[in-house]
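The structure appears below as structure tokens.
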Amino acid sequence: MKNNPFPIKQCDALELSFDEQGSAYSNNYGDIYFQPGIGLDEKNHVFLKGNHLPENWSNKSLFTIGETGFGTGLNFLNTLKSWNQTISQTDNNKQLLHYISCEQHPMNKQQLQQALSTFPELDIYSKQLINRYPQFLLYGLHRLHFKQYNTTLTLIFGDCVDAFNNIDASIDAWFLDGFAPSKNSDMWSDQLFKAIADKSHLSTTVATYTVARKIRESLQAVGFEITKTKGFGQKREMLTAKLMTDDKTMDKQPWFYTFKSSKQETFTIIGAGIAGLSIAQKLQAQGKKVTLIDRQKQPCLETSGNPQAMVMPSFDINDSPEARFYLTAFLYAIQYYSTEFYHPVGVHELAFTDKQIQWQKRFLQQFNLPNDLIQHYKNGLLYPQAGWLDTQGHANTIFQQLDNYQQDEITSIKYIDGIWHLYEDSLLVHSTETLVLANGINIKRLMPDYEWPIVPKHGEISYFNSSDMHNTIANNPHIQLCKGYITPSWNGVQTMGATFEHLPENHWFESPQTSVQHWQKNTELWNNTPYAELLKQDVSVQSRAGLRVTTPDHLPICGGLINQQLFKKDYHDIRHGKHWKQYPTPQTIDNLYVLTGLGSRGFTSAPILAEFLVNQMLGQPQVLNKRMQKSIHPNRFLFKSLKKK
Ligand code: SAM
């Protein structure tokens, strides 16, 4: 595996042409995407019939398909159509389809639209795909939800081996649909077949139109039993296969094991900030019984209660895990939030010093990202699709949809006979199978003996009336960002933020206090810029304080919790460099999960983290690649500290 299979980078351009009948042809590979006139029948015969579909997916609560080469998405759309027939016949909205496909040379939206225009019978599905298709063709995972069809598409832009080595999923059926081995031998590599076997289980099936000897031998070599069956049209034969052994490559870093508990039906989340609220919404959408508990009477009234919350990526010059995570999170968040509440007004990151100007220049040159994502603008950078969320509008709408909300301040938790018991003081107020802690710094109080490397920072925003402010600031349509930020006017009011201060430990669990110095501190963030003068005006301001939970590496903590006592015992000598195979998979704490450490970027990161956690809890294919999973893993700090000792 290469060092970094998914850098922050646009994919290589696709050279595409169309013949007179509208069939798509790739100049990169010198091959057609489908046979003119019979493309759809061929997909049906080879991939659906070849994998015994729809029979094989009937009665499965989750069915997962893996495909090599997304191309025009024809295979996906044809599958979606057949799946829709299945779920509408059975009136069953509990079955989920997860389709994972990879693509080295993705089409852009226009190309996709043109290629699919020759399939009017798929029109209703194609339109939805084109609508959701990634606007930015960046390497890595892109997740598209088709809620109406209980279907999720994970589209991985990059090489197929990287894609399937880095995805956390168990595939039920494979559609091997790359260009012909004679035109694209690189794709049909031994590493690909190894990755395919690793992501398969005993009854996994494979179908492909090619019967080339190399493909037959490669499938057999990794444990598949192959059968030649009747091919489609001119092609005499095709190949189907079934996995006969279940010999998985172990994860080389067992300490980062992510465990799943797909059997549970009842879930409770403590903490109704944007983290807990997003998890509750996603679990309920999957038909689970969910209770969201908070000491406030409704969600997003504490730290997540600032009226205008920024949603934006966070780049650095090094393509760091942090930058990659926040870019992925941003792209997911802007799809997740409703257009009613998300205002993509653009964030204007101002550069006043030579250092800032040089940094921005270097960044733009080095990454060469699409203009709609980031561009040079006046004295700085513009993130055109970044913006702010009306937090209360969003939270109230989700709150109305939630089945169970409970107002209680949970002060302790106990696990007894497979059930989590939640107490307010000594009174038992709730019991549940699966518990998620999303209550910021207060998780420390609920699990006092657990080592949490989190620290809260005190953050305060100031608001002022635009009519009191200098025009340059009051009439700016974008969020203005330097060390601090100023939102554009909303109902005549603007928000300026935010302080980020040390908080003595004896105040960690109290309601954060507002201070009389907030305006001074927030304006100081603009010192040595032309804004300093403009902000000195005599304006009437109010403020709001919150706690931002931070981690040493600025990334959130998200996932199932391991038993730290046992981990310390089992891994006490990890620093001596013993072979990874000598270490056991860490013991977990039953059905206990956490999401915290969102810092001041919670509204950008919460939607994808909630999706990640729900995927993990329900044993579904993951929205984050394995590297990203490790970078937010709850066990990473303990592991590092043992390694260094
Ligand atoms: N399934 C597609 C459809 O329904 O339209 C057709 C796929 S087309 C025959 C093969 C696709 O594989 C092309 O889109 C090509 O860019 C992609 N591809 C080729 N080599 C690849 C690789 N190593 N990794 C990922 N995708 C690859």
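Residues in segment 84-115 that are within 18 Å of L48 (Cβ to Cβ) and within 15 Å of the ligand (Cβ to nearest atom): Y99, I100, S101. Given the condition modelled with pLDDT under 95, hydroxyl-bearing (S, T, Y) and out of contact with any helix residue (DSSP H, G or I) (no Cβ under 7 Å at 6 or more places or on another chain), answer yes or no: does some residue in segment 563-585 qualify? Checked against the condition, which is being modelled with pLDDT under 95, hydroxyl-bearing (S, T, Y) and out of contact with any helix residue (DSSP H, G or I) (no Cβ under 7 Å at 6 or more places or on another chain), segment 563-585 yields no hits at all. Here Y326 meets the list (1) in contact with a Lys or Arg (Cβ under 7 Å, 6 or more places away or on another chain); (2) under 25 Å from Q128 (Cβ atoms); (3) modelled with pLDDT of 95 or more almost entirely, failing just condition (2). For the condition under 19 Å from L598 (Cα atoms) and touching an Asp or Glu at 6+ places or on another chain (Cβ under 8 Å), K444 does not qualify.
Set side by side, the residues I156, I130 differ, and just one is part of a helix (DSSP H, G or I) and either modelled with pLDDT of 95 or more or in contact with a Phe, Trp or Tyr (Cβ under 9 Å, 6 or more places away or on another chain) (or both), which is I130.
Of all residue pairs spaced 6 or more apart or on separate chains, those with beta-carbon atoms under 9 Å, a first member in segment 178-206 that is over 28 Å from P54 (Cβ atoms) and without any contact (Cβ under 8 Å) to a residue 40 or more places away in the chain and a second member that is open to solvent by 40 Å² or more (accessible area, probe 1.4 Å) and within 11 Å of the ligand (Cβ to nearest atom) are D186/D159.
In segment 58-85, the qualifying residues are those that are open to solvent by less than 20 Å² (accessible area, probe 1.4 Å) and of a type in the set (S, T, Y), and the one that is farthest from P36 (Cα to Cα) is T64.
All of T268, T240, T229, T258 fail the test of being touching a Phe, Trp or Tyr at 6+ places or on another chain (Cβ under 9 Å) and among the polar types (S, T, N, Q), apart from T268.
For D186, the stated conditions hold: it is open to solvent by 40 Å² or more (accessible area, probe 1.4 Å), near the ligand (Cβ under 10 Å from one of its atoms) and in the same structural domain as L97 (by TED's automatic domain parsing).
Of all residues in segment 1-23, those satisfying the criterion of being over 29 Å from the mean Cα position of the chain (by Cα) and in a loop (DSSP other than H, G, I, E, B) are E15, D19, E20, Q21, G22, S23. Does G69 fit the bill of being within 16 Å of the ligand (Cβ to nearest atom) and within 19 Å of T208 (Cα to Cα)? When the stated conditions are applied, G69 passes them. Residues that are under 26 Å from the mean Cα position of the chain (by Cα) and part of a helix (DSSP H, G or I) are absent from segment 115-124. Filtering segment 87-110 to residues that are open to solvent by less than 40 Å² (accessible area, probe 1.4 Å) and at pLDDT 95 or above leaves L97, H98, Y99, I100, S101, C102, E103, H105, P106, M107.
Inspect all residues belonging to segment 253-268 and state whether any of them is among the charged types (D, E, K, R), open to solvent by less than 30 Å² (accessible area, probe 1.4 Å) and under 18 Å from the mean Cα position of the chain (by Cα). Checking segment 253-268: not a single residue is among the charged types (D, E, K, R), open to solvent by less than 30 Å² (accessible area, probe 1.4 Å) and under 18 Å from the mean Cα position of the chain (by Cα). Within segment 342-355, the set of residues being under 20 Å from the mean Cα position of the chain (by Cα) and either crowded, with 23+ Cβ neighbours inside 10 Å or in a loop (DSSP other than H, G, I, E, B) (or both) comprises P344 only. For segment 24-57, filtered to residues that are within 10 Å of the ligand (Cβ to nearest atom) and either free of Cβ contacts under 8 Å to residues at least 24 places away in the same chain or part of a strand (DSSP E or B) (or both), the residue that is surrounded by the most Cβ atoms within 10 Å (Cβ to Cβ) is A24. Of all residues in segment 3-23, those that are open to solvent by 50 Å² or more (accessible area, probe 1.4 Å), more than 13 Å from the ligand (Cβ to nearest atom) and within 22 Å of L138 (Cα to Cα) total 3.
The values are calculated or read from the model by the stated rules, or taken from the named source; none is laboratory data. The shown structure was predicted, so the numbers you read here are calculated from the model rather than taken from an experiment. When we count neighbours, we look across all protein chains shown, and the Cβ atoms used for this are built from the backbone with ideal geometry, even at glycine. Note: areas computed on protein heavy atoms with side chains; ligands, DNA, RNA excluded. Shrake-Rupley method; radii C 1.70, N 1.55, O 1.52, S 1.80 Å.
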